[in-house]
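Novice: Before I ask anything, let me first share the structure, which is written out below as structure tokens.
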Amino acid sequence: MKRIIITLIGCLLFVLAKAQQDPQYNLYQYNQMVINPAYAGARDAIAAVLDMRKQWVSFPGAPTTLGFSIHAPVLNNKVGLGFSAVSDQIGAKSVTGAYGNFAYILKLNNTYKLSFGVRAGYLNYKFNFSKVNYKDANETAIADLSNTNKGTVDIDAGLFLRSNTFFAGLSATHLTQAKIYSHDYQATNSSTGVTSNFTSSYSLNSHLFLIVGKAFAINENFVFSPSIMIKSVTKTRMADVNLNFLLRQRLWLGVFFKQGYGVGALIQVYATDKLRIGYSYDSGLGAKRLLGSSHEIMLGFDFGNYKAKTLSPRFL
């Protein structure tokens with residue numbers, strides 16, 4: 001039984017490392033700094049965002065994420081500076097981190113701007129395997145793995161091209177690919193009496209993001225803005241397809257499809273010219289419906305003046 005439990009723990013860590021090592025967001029379209037450091041300063045205002053996400057609400061130990069970011073253009077809009085913090089809890093793992101953002105903004109012509117961004121920060125990882133519930137009440141977590149608390153410096157980088165009606169971003173996270181921990185141990189099979197060597201480890205994998213979006217102004221009160229994001233981790237690639245509509249320059253409505261998972265919908269309301277409130281809902285398809293639905297809430301506030309929303313997808 002002990003060997004089975006060890007194998008299950010190893011599988012859990014593998015899934016966490018490969019499938020959801022970073023927090024997941026649906027409302028990243030309205031705050032792309034969570035995936036691309038080059039986005040800092042892109043809203044042409046001091047922009048602050050608070051994002052709260054509860055994923056797979058019917059699944060015990062499912063991810064819960066709280067994030068905050070603030071950024072602004074400085075030096076005649078030639079530089080973007082920002083700060084972000086995140087807290088992410090999933091099962092026996094919890095992550096807290098803080099980053100500083102720097103982006104150099106190059107004006108290509110009267111239409112396009114290209115930003116080069118870098119983000120550096122510190123991540124703290126806590127693994128508490130004593131929280132794992134075992135089928136056999138006599139089983140316990142491996143002593144040396146019961147509480148693991150490790151930290152690491154983390155670096156991300158990206159590019160961001162934008163106009164009033166178009167954006168494209170390319171970014172990569174965890175460029176240092178830091179190893180959080182590696183532990184060698186032995187375990188004896190209670191049935192055969194055979195002792196075997198095992199290694200439990202957790203390392204950060206680089207995540208690549210490519211996102212492209214375009215706004216089409218049908219008329220003054222209706223804008224159609226589709227976008228697509230491709231995510232790549234190790235050998236796994238997934239795509240998010242988003243169809244968004246801006247009504248009367250105040251209300252964003254959208255639907256999206258997440259490859260390999262399911263579908264969802266979102267809404268963002270400009271309560272005032274500076275305050276925006278967003279909400280998203282998603283659910284898996286097929287067997288993934290058993291995980292339950294996910295909910296995300298975003299509050300954003302822009303300080304200062306910024307360009308009109310009419311022809312802008314306002315993801316910027």
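Novice: Which Rg and Dmax, in Å, describe the Cα atoms of the stretch 36-88?
Specialist: When restricted to the Cα atoms of the stretch 36-88, Rg and Dmax are 14.7, 49 Å.
Novice: Still on this structure: Compute the distance from the alpha-carbon center of the stretch 152-186 to that of the stretch 80-96, in whole Å.
Specialist: 13 Å
Novice: For VAL255 and LEU114, compute 0.36 nm times the residue count separating them, minus their Cα-Cα distance, and round to one decimal in nm. It would help to have the intermediate numbers written out before the result.
Specialist: Details: separation 141, 0.36 × 141 = 50.76 nm, distance 2.82 nm.
This chain segment gains 47.9 nm when fully extended.
Novice: Test of understanding: what is the full-extension gain from LEU275 to LYS54, defined as 0.36 nm times their sequence separation minus their Cα-Cα distance? Write down the numbers at each step before the final one.
Specialist: Numbers: separation 221, 0.36 × 221 = 79.56 nm, distance 2.24 nm.
Separation in residues times 0.36 nm, less the Cα-Cα distance, equals 77.3 nm.
Novice: Let me understand the stretch 229-305 better: what is its radius of gyration from the alpha carbons, and its Dmax, in angstrom?
Specialist: Values for the stretch 229-305 (Cα only, Rg and Dmax): 15.1, 47 Å.
Novice: Calculate the spin-label point distance for ASN197 paired with ARG237, positioning each point 7 Å from the Cα along the beta-carbon direction, and give it in nanometres.
Specialist: The two pseudo-label positions are separated by 3.8 nm.
Novice: Exposure proxy check: ILE297, ILE46 ranked by fewest other beta carbons within 10 Å?
Specialist: Values: ILE297 14, ILE46 18.
Ordered by Cβ neighbours within 10 Å, fewest first: ILE297, ILE46.
Novice: Also: First measure r as the distance between the Cβ atoms of TYR104 and LEU175, then evaluate 1/(1 + (r/R0)^6) with R0 = 25 Å and state the FRET efficiency to the nearest 0.05. Don't skip to the answer; put the middle values down first.
Specialist: Values: r = 18 Å, r/R0 = 0.70.
E(calc), rounded to 0.05, equals 0.90.
No lab work stands behind these numbers, since they all come straight from the coordinates. All values reported here derive from a predicted model rather than from experimental measurement. Here Cβ is always computed from backbone atoms with ideal geometry, including for glycine, and neighbour counts include all displayed protein chains.
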